[in-house]
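Here it is, the structure, as structure tokens.
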Amino acid sequence: MRLHFLLLLFAVPAAHAVSLLNVSYDPTREFYQEYNAAFAKHWKAAKGEEVSIRQSHGGSGKQARAVIDGLEADVVTLGLAYDIDVIADKGLLAGDWQKKFPENSAPYTSTIVFLVRKGNPKGVKDFDDLVKPGMVVIAPNPKTSGGARWAYLAAWLYADEKFGRDEAKSKDFVARLYKNVPVLDSGARGSTTTFAQRGIGDVLLAWENEAHLALKEFGADNFEIVTPPLSILAEPPVAVVDSVARRHGNAEAAAAYLAYLYSDEGQEIAAKNFYRPRNPAILAKHPFPKLKLVDIQEGFGGWRAAQGKHFADGGVFDQIYQP
Amino acid sequence: MENEPMSIEVARVSKKFGAFPALDDVSLKLETGELVALLGPSGSGKTTLLRLIGGLEQQESGRIFFDGADAANISIRERQAGFVFQHYALFRHMSVLKNVAFGLSVRPRAKRPPRAEIERRARELLKLVQLEGVERRLPAQLSGGQRQRVALARALAIEPRVLLLDEPFGALDAKVRKELRRWLRKLHDTLRITTVFVTHDQEEALEIADRVVVMNQGRIEQIGAPREVYDHPASAFVCRFIGNVNEVGAAFIRPHDVEITSRRNGAPSLDAVVEFVNTAGAVAKMDLRLEGSGELLEAELPRSREAELALKPGDRAFVKFRDVRTFPS
Amino acid sequence: MIRRLFLIGAALAFLVLFLFVPLAAIFAEAFRRGAGAYFASFRDPDALSAIRLTLLAAAIAVPLNLVFGVAAAWAIAKFDFAGKSLLTSLIDLPFAVSPVVSGLIYVLLFGAQSWLGPWLSAHHIKIIFAVPGIVLATLFVTFPFVARELIPLMQSQGRDEEIAAVSLGASGWQTFLRVTLPNVKWGLLYGVILCNARAMGEFGAVSVVSGHIRGETTTLPLHVEILYNEYNFVAAFAVASLLALLALVTLGLKSFVEWRMNP
């Protein structure tokens, strides 16, 4: 047994014909673990070639930075389009990357929901409830986390609708919400742990899939999910990092890897992991609650505009949030 | 011993530490086999001179010759100078025997004696310094006097052509110091290795050395046999530094050259008042205040003479000087 | 008497609260699903890879820092030279800067956007987000341990013994091997133990240059974080228990060496 262990320790992993590195954001760990196995099987059947996919996870913005600094990702599957735009700006992939795959290169969507403690003791139903005095809200830091930016924009979207696009009032509303956030974790997963594991806060602003995963991991008898009537359509995008994949000779496999996300099997695995599949037939098979979803283009004029106005240094978030 | 002791010549050597002139144009010749004491207060340059001879420092100008050869071309390792330091500098992790054997055991293979021979010689040296039976101990387990004897044995092991001792007894108490001093003198009489001995203790220098080199502020004040520097100091500094001295005006008078009478006896004398009398010791000591100038005078006189005079503090006395020295300022 | 008992009691309570309770908690969590699940955690290829990488980084960083630390301490404690105080401050640099900054230094030096980046990329040399980067970061953060331990020790011992050795005919190398080194051997071992503990336990600097590629560029501490983030608490604590064991062994060795240094 001991010898066996030592052999394992120093054995060099067998070389594979194709090896892809997928640099992704935090909440997709479980999804890609399952999807990678499915794709490897599919590729073996279709091409007769072994493929191994290595994963790296972290905050979406941080991961984009690592790719820019030289982390050799064949594909990136990040939390929001802006983070891939930043990589494109450095010339690692084409500026029109969003046109390479259907649906703006976002094979699955998600939204921002509320995770509350069992029985919803504070009666949280909508964003209005989050700004009430005394409500303790847990959310990650929009400066570092993709999910956090979606959450912030969802709140802003709600305020816009409520106050008829009166910017001063929307700003005040979101400011009051973040006054109720005692601690900003740097990533979505950190916030979930703070709320579920450490038991801090009344409500967690979370990715829909992350909320479901928390329910699964920490028990449906401890938490429940509240879906607001209106939220943002989060479109986590994917792209082949052309320059890297070409250098690795992986361009074909990388493109196939992302394309397969749109297949029935890919869409099914996404839905199983609580991402909303694009394929309406598969979406219909899963009990995702209905709500009004507004996308970033409609609500904010796209990611570059939203990023510049809200999250750049000195932007709206910096103005309303003083730690 | 296979190596003959050597003569050392220091010619017009100067050395500065920053702006401080540690040695200023110093010349000195050491004869083969003699024991020379470098004597002076701290900062006088005596240790610097020793370290220059040993090769631990480099002079700025001037030259040093070993048996006529320029020492600049001889590395520390080749000088065969045996060092003994004030704080022993024994190798703390080695036994006494290993300490003494060190110099032989680091020789190049071709020149290194066999292991058994090294041990035999080390034991012999420990016998010479009267330290049999402590071979296996660590330096920390020895007394100060024992440690310094180990250090000496260690220095002797390399068959040095010159022994350089830097305040070797400075860290020992008075009694051990006196014993070791005599013992070293005797050892030197047996071995006759050219030896340079640094000390700030004039009694030590006078007792042990063939010749004394008195140093002050980086210069040599006087070189001479102990009696010579005591009796015929070449400068006011030497006179002050070696033995006690009274300074009356520009005159220097040794306490034992002060003659005291209780009555005026015709010969010219100075009036004084006795201030203090100490009769505990080989000679009696008396402090007197000169009338007129008010200067204090120390006198030493045989106890029999003191008893004869029977002077008490407050008594009037008359003083004369047997010997008076003056130095050009 | 009562005051002394109170102080001892307070110290013990502190020790229990801040050392034994967390340690016990680690092992309790690690064995929550039984010994089978505990040992299964180490058979995971990613965990094995993390152990392998951690051992590799320490196996490179510790000997290099040993050699460097001894050389630097010797130079600083026994010789005077221009730039000595600068070297002394440089040795302390890894202690002075945050580990994250230490990691970022390498990103700025060897990252794709650095001026070295294009050249490295053209020659297919991977440093950051690969094993060399992790080794470099480990080397950097553990760099002061041996030197810092030896410098005061060598300074307090002075140069007398070395001067004596040279005057007795020893070469510089003989003096170093037979006089300087034996005099500091316990201090040296102490420094090596601390250096190794830090090399294996470093998180911040390594995290920045790792790229977090599972099974490839994750060390033990990074692997613990990944497992924890994946809600895989048993495995996270099982791997953490390895690090805790390392800490305990380090503590034991450290006390032994301290005892030998001051008998």
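Can you work out which of the residues in segment C:145-166 that are surrounded by fewer than 23 Cβ atoms within 10 Å (Cβ to Cβ) and of a type in the set (Gly, Ala, Ser) is nearest to the other protein chains (Cβ to nearest Cβ)?
So, considering only residues that are surrounded by fewer than 23 Cβ atoms within 10 Å (Cβ to Cβ) and of a type in the set (Gly, Ala, Ser), the one nearest to the other protein chains (Cβ to nearest Cβ) is C:158.
Considering B:166, B:210, which residue is closer than 22 Å to residue B:223 by Cα, surrounded by 18 or more Cβ atoms within 10 Å (Cβ to Cβ) and in contact (Cβ under 8 Å) with a residue 24 or more places away in the chain? Write out each step before concluding.
Working: B:210 fails: surrounded by 18 or more Cβ atoms within 10 Å (Cβ to Cβ).
The unique qualifying residue is B:166.
Can you pull out every residue in segment A:180-205 that is farther than 16 Å from residue A:122 by Cβ, more than 14 Å from chain C (Cβ to nearest Cβ) and not in a loop (DSSP other than H, G, I, E, B)?
The answer is A:184, and nothing else.
For residues that are part of a strand (DSSP E or B) and buried (at least 24 other Cβ atoms within 10 Å of the Cβ), tally how many sit in segment B:29-48. Don't jump to the end; show me each part of the working.
Filtering segment B:29-48 for residues part of a strand (DSSP E or B) gives B:29-30, B:35-39.
If we keep only those that are buried (at least 24 other Cβ atoms within 10 Å of the Cβ) as well, we get B:37-39.
Residues flagged as part of a strand (DSSP E or B) and buried (at least 24 other Cβ atoms within 10 Å of the Cβ) within segment B:29-48 amount to 3.
Go through segment B:269-295 and give me each residue that's closer than 22 Å to residue B:251 by Cα, free of Cβ contacts under 8 Å to residues at least 40 places away in the same chain and surrounded by fewer than 18 Cβ atoms within 10 Å (Cβ to Cβ). Working first, answer last.
Here is the first cut: in segment B:269-295, the ones closer than 22 Å to residue B:251 by Cα are B:269-275, B:285-295.
Narrowing the set further to residues that are free of Cβ contacts under 8 Å to residues at least 40 places away in the same chain leaves B:275, B:285-289, B:291-292, B:294.
Across segment B:269-295, the qualifying residues are B:275, B:285, B:287, B:289, B:291, B:292, B:294.
Kindly check whether there is at least one residue in segment C:126-146 that is at pLDDT below 90 and either in contact with a strand residue (DSSP E or B) (Cβ under 9 Å, 6 or more places away or on another chain) or hydroxyl-bearing (Ser, Thr, Tyr) (or both).
no
If you don't mind, there's one more thing I want to ask. With the requirement that a residue be at the interface with another protein chain (Cβ under 7 Å from one of its Cβ atoms), within 18 Å of residue B:161 (Cα to Cα) and small (Gly, Ala, Ser), what does segment B:82-104 give you?
So in segment B:82-104, the residues at the interface with another protein chain (Cβ under 7 Å from one of its Cβ atoms) come out as B:83, B:85, B:87, B:89, B:91-93, B:102-103.
Okay, now just the ones that are also within 18 Å of residue B:161 (Cα to Cα), so B:83, B:85, B:102-103.
Within segment B:82-104, B:103 is the sole residue that qualifies.
Something else: Can you pull out the residues in segment B:64-108 that are touching a residue at least 60 places away in the same chain (Cβ under 8 Å) and aromatic (Phe, Trp, Tyr)?
Scanning segment B:64-108 gives B:66, B:83, B:85, B:88.
Answer yes or no: is there a residue in segment B:162-171 that is more than 20 Å from the chain's Cα centre (by Cα) and either within 14 Å of another protein chain (Cβ to nearest Cβ) or not in a helix (DSSP H, G or I) (or both).
Our first condition is that a residue be more than 20 Å from the chain's Cα centre (by Cα); within segment B:162-171, this holds for none.
No, every residue in segment B:162-171 fails to be more than 20 Å from the chain's Cα centre (by Cα) and either within 14 Å of another protein chain (Cβ to nearest Cβ) or not in a helix (DSSP H, G or I) (or both).
Let me ask you something else. Of the residues that sit in segment B:131-141 and are without any contact (Cβ under 8 Å) to a residue 24 or more places away in the chain and part of a loop (DSSP other than H, G, I, E, B), which one is farthest from the other protein chains (Cβ to nearest Cβ)? Reasoning before the result, please.
Of the residues in segment B:131-141, the ones without any contact (Cβ under 8 Å) to a residue 24 or more places away in the chain are B:132-133, B:141.
Subset that is part of a loop (DSSP other than H, G, I, E, B): B:132-133.
On the way: B:132: 22, B:133: 24 Å.
Looking at residues that are without any contact (Cβ under 8 Å) to a residue 24 or more places away in the chain and part of a loop (DSSP other than H, G, I, E, B), I get B:133.
I'm checking my understanding of the structure. Among residues of segment C:96-143 that are more than 10 Å from chain A (Cβ to nearest Cβ) and outside any helix (DSSP H, G or I), which one is nearest to residue C:222 (Cα to Cα)?
Only one residue tops the list, namely C:98.
Determine whether segment A:40-61 contains at least one residue that is free of Cβ contacts under 8 Å to residues at least 40 places away in the same chain and within 30 Å of residue A:228 (Cβ to Cβ).
Taking every residue of segment A:40-61 in turn, at least one turns out to be free of Cβ contacts under 8 Å to residues at least 40 places away in the same chain and within 30 Å of residue A:228 (Cβ to Cβ).
Right, here's the next one. Would you confirm whether any residue within segment A:249-262 is in contact (Cβ under 8 Å) with a residue 12 or more places away in the chain, within 14 Å of chain C (Cβ to nearest Cβ) and either hydrophobic (A, V, I, L, M, F, W, C) or surrounded by fewer than 17 Cβ atoms within 10 Å (Cβ to Cβ) (or both)?
Taking segment A:249-262 and keeping what is in contact (Cβ under 8 Å) with a residue 12 or more places away in the chain, we get A:250, A:253-262.
Narrowing further to those that are within 14 Å of chain C (Cβ to nearest Cβ): none.
No.
Would a scan of segment A:233-246 turn up a residue that is small (Gly, Ala, Ser), touching a residue at least 12 places away in the same chain (Cβ under 8 Å) and touching a strand residue (DSSP E or B) at 6+ places or on another chain (Cβ under 6 Å)? Reasoning before the result, please.
Let us first name the residues in segment A:233-246 that are small (Gly, Ala, Ser), namely A:234, A:239, A:243, A:245.
Keeping just the survivors that are touching a residue at least 12 places away in the same chain (Cβ under 8 Å) gives A:234, A:239, A:243, A:245.
Keeping just the survivors that are touching a strand residue (DSSP E or B) at 6+ places or on another chain (Cβ under 6 Å) gives A:234, A:239.
Taking every residue of segment A:233-246 in turn, at least one turns out to be small (Gly, Ala, Ser), touching a residue at least 12 places away in the same chain (Cβ under 8 Å) and touching a strand residue (DSSP E or B) at 6+ places or on another chain (Cβ under 6 Å).
Take the residues of segment C:185-212 that are surrounded by fewer than 23 Cβ atoms within 10 Å (Cβ to Cβ) and outside any helix (DSSP H, G or I): which is farthest from the other protein chains (Cβ to nearest Cβ)?
C:203
Right, another one. Having 1 or more residues that are closer than 22 Å to residue A:191 by Cα is the bar; report the helices (runs of 4 or more DSSP H) wholly within segment A:15-126 that clear it.
On the way: elements: A:29-47, A:60-68, A:81-89, A:102-105.
Here the list reads A:29-47, A:60-68, A:81-89.
Please verify whether segment B:57-68 includes one or more residues that are within 14 Å of chain C (Cβ to nearest Cβ), within 17 Å of residue B:162 (Cα to Cα) and either touching a helix residue (DSSP H, G or I) at 6+ places or on another chain (Cβ under 9 Å) or not basic (Lys, Arg) (or both). Full working, then the answer.
Keep residues of segment B:57-68 that are within 14 Å of chain C (Cβ to nearest Cβ), which gives B:57-58.
Subsequent filtering for residues that are within 17 Å of residue B:162 (Cα to Cα) retains B:57.
Next cut, either touching a helix residue (DSSP H, G or I) at 6+ places or on another chain (Cβ under 9 Å) or not basic (Lys, Arg) (or both) only: B:57.
Yes: segment B:57-68 contains one or more residues that are within 14 Å of chain C (Cβ to nearest Cβ), within 17 Å of residue B:162 (Cα to Cα) and either touching a helix residue (DSSP H, G or I) at 6+ places or on another chain (Cβ under 9 Å) or not basic (Lys, Arg) (or both).
Next question. Kindly indicate whether residue B:327 is touching a strand residue (DSSP E or B) at 6+ places or on another chain (Cβ under 6 Å) and not acidic (Asp, Glu). Outline the logic, then answer.
On the way: touching a strand residue (DSSP E or B) at 6+ places or on another chain (Cβ under 6 Å): no; not acidic (Asp, Glu): yes.
Criteria not met by residue B:327.
Check residue B:281 against each of (1) modelled with pLDDT of 90 or more; (2) closer than 30 Å to residue B:35 by Cβ; (3) among the small types (Gly, Ala, Ser) and name the one condition it does not meet.
Answer for residue B:281: the failing condition is (1).
From C:96, C:50, C:71, C:82, which residue is buried (at least 17 other Cβ atoms within 10 Å of the Cβ) and of a type in the set (A, V, I, L, M)? Step through it out loud before you land on a result.
Details: C:96 fails: buried (at least 17 other Cβ atoms within 10 Å of the Cβ); C:71 fails: buried (at least 17 other Cβ atoms within 10 Å of the Cβ); C:82 fails: buried (at least 17 other Cβ atoms within 10 Å of the Cβ).
Among C:96, C:50, C:71, C:82, only C:50 is buried (at least 17 other Cβ atoms within 10 Å of the Cβ) and of a type in the set (A, V, I, L, M).
Which residues, taken from segment A:80-129, are under 25 Å from residue A:262 (Cα atoms) and of a type in the set (A, V, I, L, M)?
We begin by selecting, within segment A:80-129, every residue under 25 Å from residue A:262 (Cα atoms); these are A:80-88, A:92-113.
Once the filter is applied, which keeps residues that are under 25 Å from residue A:262 (Cα atoms) and of a type in the set (A, V, I, L, M), segment A:80-129 yields A:80, A:81, A:84, A:86, A:87, A:88, A:92, A:93, A:94, A:106, A:112, A:113.
From A:177, A:115, A:130, A:157, grab the single residue that is surrounded by 16 or more Cβ atoms within 10 Å (Cβ to Cβ), more than 18 Å from residue A:60 (Cβ to Cβ) and free of Cβ contacts under 8 Å to residues at least 60 places away in the same chain.
On the way: A:115 fails: free of Cβ contacts under 8 Å to residues at least 60 places away in the same chain; A:130 fails: free of Cβ contacts under 8 Å to residues at least 60 places away in the same chain; A:157 fails: free of Cβ contacts under 8 Å to residues at least 60 places away in the same chain.
None of the other options fit; the residue is A:177.
Next question, about the same structure. Which residues, counting only those in segment B:15-28, are in contact (Cβ under 8 Å) with a residue 60 or more places away in the chain and surrounded by fewer than 21 Cβ atoms within 10 Å (Cβ to Cβ)?
If the condition is that a residue be in contact (Cβ under 8 Å) with a residue 60 or more places away in the chain and surrounded by fewer than 21 Cβ atoms within 10 Å (Cβ to Cβ), then B:21, B:24, B:25, B:27, B:28 are the ones that fit.
Among the residues that make up segment B:114-123, is at least one of them touching a residue at least 24 places away in the same chain (Cβ under 8 Å), within 20 Å of residue B:81 (Cβ to Cβ) and surrounded by fewer than 23 Cβ atoms within 10 Å (Cβ to Cβ)?
First, pick out the residues of segment B:114-123 that are touching a residue at least 24 places away in the same chain (Cβ under 8 Å): B:121-123.
Still in the list and also within 20 Å of residue B:81 (Cβ to Cβ): B:121-122.
So of that shortlist, the ones also surrounded by fewer than 23 Cβ atoms within 10 Å (Cβ to Cβ) come out as B:121.
Checked against the condition, which is being touching a residue at least 24 places away in the same chain (Cβ under 8 Å), within 20 Å of residue B:81 (Cβ to Cβ) and surrounded by fewer than 23 Cβ atoms within 10 Å (Cβ to Cβ), segment B:114-123 yields at least one hit.
Report, by residue number, each residue of segment B:160-178 that is out of contact with any Leu (no Cβ under 9 Å at 6 or more places or on another chain) and not β-branched (Val, Ile, Thr). Walk me through it before giving the result.
Within segment B:160-178, the first condition is being out of contact with any Leu (no Cβ under 9 Å at 6 or more places or on another chain), and the residues that meet it are B:160-161, B:167, B:170-171, B:173-178.
Those that are out of contact with any Leu (no Cβ under 9 Å at 6 or more places or on another chain) and not β-branched (Val, Ile, Thr): B:160, B:161, B:167, B:170, B:171, B:173, B:174, B:175, B:177, B:178.
Are any residues in segment A:217-276 of a type in the set (Val, Ile, Thr) and closer than 18 Å to residue A:290 by Cα, and if so, which ones? So that I can check it myself, show each step before the final result.
In the first step, residues of segment A:217-276 are kept if they are of a type in the set (Val, Ile, Thr); the result is A:225-227, A:232, A:238, A:240-241, A:244, A:269.
Within segment A:217-276, A:225, A:226, A:227, A:232 qualify.
The values are calculated or read from the model by the stated rules, or taken from the named source; none is laboratory data. Not measured: the values here are computed from a predicted model. Quick reminder, even Gly has a Cβ in these numbers, built from the backbone with ideal geometry, and neighbours come from all protein chains shown.
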